[in-house]
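Engineer: Handing you a structure now.
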Amino acid sequence: MAEARMRGWQELDVIFVSGDAYIDHPAFGVPLLARWLESHGLRVGIISQPDWRSKEPFMTLGRPRLFFAVSAGAMDSMVAHYTPARKLRHDDAYTPGNRHGARPNRATTVYTSRLKEAFKDVPVVIGGIEASLRRFAQYDFWENKVRRSILFDAKADLLIYGMAERAILEVSVRMRNGERLDEIRDVRGTAYVNSAADSAVNVEIPSYEEISASKEKFAEAFRLAYQQQNPWSARPVVQRHGSRVLICRPPALPLTEAEMDSIYALPFEKSPHLSYRETIPAWEQIKTSVTSHRGCFGGCAFCAITMHQGKTIQSRSTASIISEITALTGKSWFRGTVSDIGGPTANMFGLGCTNPDAMRACVRESCIFPAICSNLRTGDKPATELLQAARSIKGVQHTAVSSGVRYDLLERQPAYFSELTGHQVSGLLKIAPEHLLDHVTNIMRKPGRKSFETFLARFRSECTRLGKRQYIVPYLISGHPGCTLTDMLDLALILKKMGIQVEQVQDFTPTPGTIATCMFYSGYDPMSGKRVYTATSDRDKGLQKSLLLWHQPAERAKVMEALRELGREGDAKLLWGDGPGMIRAVTPEHKKTKKAR
């Protein structure tokens, strides 16, 4: 409050409680929303990573005039705390000193409980990734059961889901003008609990009790909710929990270019609060990165962006991005390199639907799978010119695209591909094939082997022509629904033939809000209704992961266990060449490359 009084504020309108350290950078949701509300005349405070063991830390800024706004942080707290094998992590990149333990499990629920204990009559609004993706009853991997909507567990007054600028501003302004929070029930991008459904045009999905008892009903509920994500055509979604009803309003409308520009022009310090004395890894990673757009129309089964940001691309203007980079060069810690210019998928900047009528009625999961939609604008001129302009700014020595790119889109973006390969790769280019067997990538909603091989040959050829030693970093998922142990061995052999060794593999983690998590729990593809095989035991998932890391000596025993289980011990020669007991030595050149990485 001493800082607030220095600004002439004797009380605050909205107080955010966050599970992350306070980093005043637009890559972090709470600081962004705080600056957004501040720019509209609201007095805003932030309590970062309070000690949840008592109510006193939640009282440090006093009683807000309007409401508390709670977020677990940039990650679901359970994902932040546990590995895919449910083992406790010992670090937290969003905490000073990278220390684990600065936030509780299920932080949204715990924080709300403490606030209700401290200020019984002050409304609490929850949001962020954790609340957004748990707004409906959902499967919880860590407890291996279906949990109620987080609104019921947290006992919050309102939930704001998605990218919350529109919703939180409308709620704040209406409360400032005299409305009570329990009267505000028509805001897009919000959900709340009621005694009964309040409209005849709702989409009612199977209840919490039904989906807890039936996996078929679980899949049906997910499908029905997922189909209401088009903000122009969506209807309110209702889900009963006992005698009460969860009502989820349609998603907020996407931001315009002008609105995006105004948000990113806010006076962010771009650095952690001055009170911190230790390094915060998350800031170190993104401090010189620039967000060019939001949303992703890829519709990957394992990704929750559709249920959070949506599939509509919301791009900033090139002038706005160039202005941010120019300001970045004046920071004392800037060393000449812009680490990333991108979004969820870098080469979707400036893209979108060319048919407004079709866009408003569209129910496709993806604009590019199983084939690129004829209405999709795929031209690369805006993105190419943006990258060219960025690397020409005085004080910028190098720019890079570190966000992932869709290589199936790159087939239609020759100029962007040339700019990317020639100027925007810092030695390593991140791409995400995830798998290469077509029947698995089809379940993932990803392009298959042919598209990857075409891209790989094109990339290697272009690097040779340019005289550059550049490599791809392929992201791969083990244990994804639809992938068997045989599939994973076949993938390892394909990669070996391509001359690709992977150093890291993502073991599939079932997180709320994704098609793949629905498959993992229910055993059904919710969109087609077809049965889907899933490796659910830690052993099976571990064997799949080891097969992709066959070249690492520590994985040899598990690889041989997998080969024996499949009756394919003879394939050891295809992997190691000299027999199952021999791991090919790492060359000095490989060691040098690995050290550079």
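Engineer: Give the order of Glu130, Glu284 when sorted by the count of other beta carbons within 10 angstrom, beginning with the fewest. All intermediate terms of the calculation are to be shown ahead of the outcome.
Structural biologist: Values: Glu130 28, Glu284 14.
Exposure proxy ranking, most exposed first: Glu284, Glu130.
Engineer: Right, something else. Please list, ordered by chain and number, the residues whose modelled amide H lies under 5 Å from the amide H of Ser478; skip anything fewer than 5 residues away on the same chain.
Structural biologist: Here the answer is Gln506, Asp507, Phe508, since their amide H atoms fall under 5 Å of that of Ser478.
Engineer: Another question, if that's okay. When ranked by the protection proxy of mean other Cβ atoms within 10 Å per residue, highest first, what sequence do the peptides 501-511, 118-128 form? Can you show the working numbers first?
Structural biologist: On the way: 501-511: 18.3, 118-128: 20.3.
Top of the packing list down: 118-128, 501-511.
Engineer: I want the antiparallel fraction of DSSP beta bridges within segment 427-597, as a percent rounded to 5.
Structural biologist: Close to 10 percent.
Engineer: Taking the Kirkwood radius as the inverse of the mean 1/r across Cα pairs, report the Rg/Rh of segment 305-375.
Structural biologist: 1.10
Engineer: Looking at the square roots a ≥ b ≥ c of the eigenvalues of the Cα gyration tensor of segment 161-297, which shape do they give, rounded for a/c under 1.5, prolate if a/b is larger than b/c, or oblate? List each step's numbers first, then the result.
Structural biologist: Numbers: a/c = 2.05, a/b = 1.69, b/c = 1.21.
Prolate.
Engineer: Here is a follow-up. Taking the Cα centre of segment 427-597 as origin, work out the dipole magnitude from +1 charges on Lys and Arg Cβ and -1 charges on Asp and Glu Cβ, in debye rounded to 20.
Structural biologist: 800 debye
Engineer: Right, next: Karplus couplings for segment 412-419 from phi (6.51 cos²θ - 1.76 cosθ + 1.60, θ = phi - 60°), rounded to Hz, Gly and Pro as x?
Structural biologist: Listing the rounded values in order: 9, 10, x, 5, 5, 4, 5, 5 Hz.
Engineer: Can you give me the Kirkwood hydrodynamic radius for segment 427-597, using every pair of distinct Cα atoms, in Å to one decimal?
Structural biologist: 17.2 Å
Engineer: Quick check on my link table: of Lys311/Lys450; Lys55/Lys120; Lys446/Lys558; Lys145/Lys541; Lys430/Lys545, which ones sit more than 22 Å apart, alpha carbon to alpha carbon?
Structural biologist: From Lys311/Lys450; Lys55/Lys120; Lys446/Lys558; Lys145/Lys541; Lys430/Lys545, over 22 Å: Lys311/Lys450; Lys446/Lys558.
Engineer: Follow-up question, since we're still on this one. Counting pairwise Cα distances across the chain, what percent come out greater than 46 angstrom?
Structural biologist: More than 46 Å apart: 15 percent of the Cα pairs in the chain.
Engineer: Straight-line reach from Lys381: which aspartates and glutamates have Cα under 18 Å away, leaving out those fewer than 8 places along the same chain?
Structural biologist: Glu257, Asp408, Glu411, Glu419
Engineer: Just order 435-443, 162-170 by mean Cβ neighbour count inside 10 Å, highest at the front, would you?
Structural biologist: Packing order, densest peptide first, comes out as 162-170, 435-443.
Engineer: By the gyration tensor of its Cα atoms, with a ≥ b ≥ c the square roots of the eigenvalues, what is the shape of segment 284-420: rounded for a/c under 1.5, prolate for a/b over b/c, or oblate?
Structural biologist: Prolate shape, in that a/c is at least 1.5 and a/b is the bigger ratio.
Engineer: Here is a further query. If you fit an axis through the alpha-carbon atoms of helix 165-176 and take the longest principal axis of the Cα set of the chain, what angle between them do you get, 0 to 90°, nearest 10?
Structural biologist: The angle comes out at about 10 degrees.
Engineer: For Lys155, list the aspartates and glutamates whose Cα falls under 16 Å from its own Cα; do not include residues on the same chain fewer than 8 positions away.
Structural biologist: Glu117, Asp121, Glu130, Asp182
Engineer: What is the Cα centroid distance between segment 332-409 and segment 59-114, reported in whole angstrom?
Structural biologist: Using only Cα atoms, the two centres lie 31 Å from each other.
Engineer: With the contact rule set at Cα under 8 Å and sequence spacing of 6 or more, what percent relative contact order holds for the chain? List each step's numbers first, then the result.
Structural biologist: Working: 1125 pairs, mean separation 62.5, N = 597.
For the chain, the relative contact order is 10 percent.
Engineer: Can you give me the angle between helix 538-548 and the longest principal axis of the chain, using Cα atoms only, in degrees from 0 to 90, rounded to the nearest 10?
Structural biologist: It is inclined by approximately 50 degrees.
Engineer: Can I ask one more? Please enumerate, by chain and number, the lysines with C-alpha under 17 Å from the C-alpha of Lys331, excluding those fewer than 8 residues away in the same chain.
Structural biologist: Filter leaves Lys270, Lys287, Lys394.
Engineer: Also: Whose amide H sits under 5 Å from the amide H of Tyr471, counting only residues 5 or more places off or on another chain, with H placed in the peptide plane?
Structural biologist: Leu428, Leu429
Engineer: If you average the C-alpha positions of segment 186-223 and of segment 120-164 separately, how far apart do those two centres end up, in angstrom?
Structural biologist: First find each Cα centre; the distance between them is then 14 Å.
Engineer: Further question on the same structure: Per DSSP helix of 4 or more residues, -39500 (n - 2.57); summed, then divided by the residues of the chain. What does that give at 222 nm, rounded to the nearest 500?
Structural biologist: After summing the helix terms and dividing by the residues of the chain, the value is -10000 deg cm²/dmol.
Engineer: Let me ask another. Would you work out the Kirkwood radius for segment 250-362? I mean one over the mean of 1/r across all pairs of different Cα atoms, in Å. Don't skip to the answer; put the middle values down first.
Structural biologist: Working: mean 1/r = 0.0627 Å⁻¹.
After inverting the mean inverse Cα-Cα distance, the result is 15.9 Å.
Engineer: Under the definition of Cα pairs under 8 Å and six or more residues apart, what whole-number percent is the relative contact order of segment 427-597?
Structural biologist: Over segment 427-597, the number comes to 19 percent.
Engineer: I've got another one for you. For His241, His480, His308, which order do you get if you count the other beta carbons within 10 Å of each Cβ and list the fewest first?
Structural biologist: His241, His308, His480
Engineer: For segment 145-161, in order, what is each residue's ³J(HN,Hα) by Karplus, 6.51 cos²θ - 1.76 cosθ + 1.60 with θ = phi - 60°, in whole Hz (x at glycine and Pro)?
Structural biologist: After applying 6.51 cos²θ - 1.76 cosθ + 1.60, I find 7, 8, 10, 5, 3, 4, 4, 6, 6, 7, 6, 7, 8, 7, 10, 10, 10 Hz.
Engineer: Could you give the angle, 0 to 90 degrees to the nearest 10, between helix 381-390's Cα long axis and the longest principal axis of the Cα atoms of the chain?
Structural biologist: That works out to roughly 80 degrees.
Rule-based calculations on the coordinates, nothing more; no lab input. As the structure is a computational prediction, the values presented were derived from the model and not from experiment. Ideal geometry is used to build each Cβ from the backbone, glycine not excepted, and the neighbour counts take in all protein chains shown.
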